[in-house]
Amino acid sequence: MGKQITFEEALQQLEAVVKKLEKPDLPLEESIRLFEEGMKLSEVCSTKLDSAQQRVEILQKQASGELKPAPFEGASVDEPEQEDKETPF
């Protein structure tokens, strides 16, 4: 995986790895190698999804009628989640 691959390519490769791992007669060493490859592909997919989520914006209509971009809910990792529960000490 030396070159930069797209999310779709990584997902296709991950699906192929899973199919191979589902074979009952797969030797242990091959299973371990495929598992490691699958973990790397999973990380690529996760990173690309996180990046895409951070770039997504929703246009909110202001009272004036103009559209203003706002972050997609959950896109910002800097904002703490607000909970209705009291924090136990």
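The values are calculated or read from the model by the stated rules, or taken from the named source; none is laboratory data. All figures in this text were calculated on a predicted structure; none of them were measured in a lab. All Cβ positions, glycine included, derive from the backbone under ideal geometry; neighbour counts span all protein chains shown.
So which pairs qualify, if the first residue must be in segment 13-30 and within 15 Å of residue 43 (Cα to Cα), the second must be among the charged types (D, E, K, R) and part of a helix (DSSP H, G or I), the Cβ gap must be under 6 Å, and the two must be at least 6 apart or on different chains?
Qualifying pairs under 6 Å: 17/37.
Is there any pair linking a residue in segment 44-66 that is among the small types (Gly, Ala, Ser) to one that is surrounded by 10 or more Cβ atoms within 10 Å (Cβ to Cβ) and at pLDDT 85 or above, with Cβ under 9 Å and at least six apart or on different chains, and which?
From segment 44-66, the pairs are 52/7.
Taking the conditions exactly as written (among the polar types (S, T, N, Q) and at pLDDT 95 or above), does residue 76 satisfy them or not?
Criteria not met by residue 76.
Which condition breaks for residue 10 when tested against (1) modelled with pLDDT under 90; (2) surrounded by 11 or more Cβ atoms within 10 Å (Cβ to Cβ); (3) of a type in the set (A, V, I, L, M)?
Answer for residue 10: the failing condition is (1).
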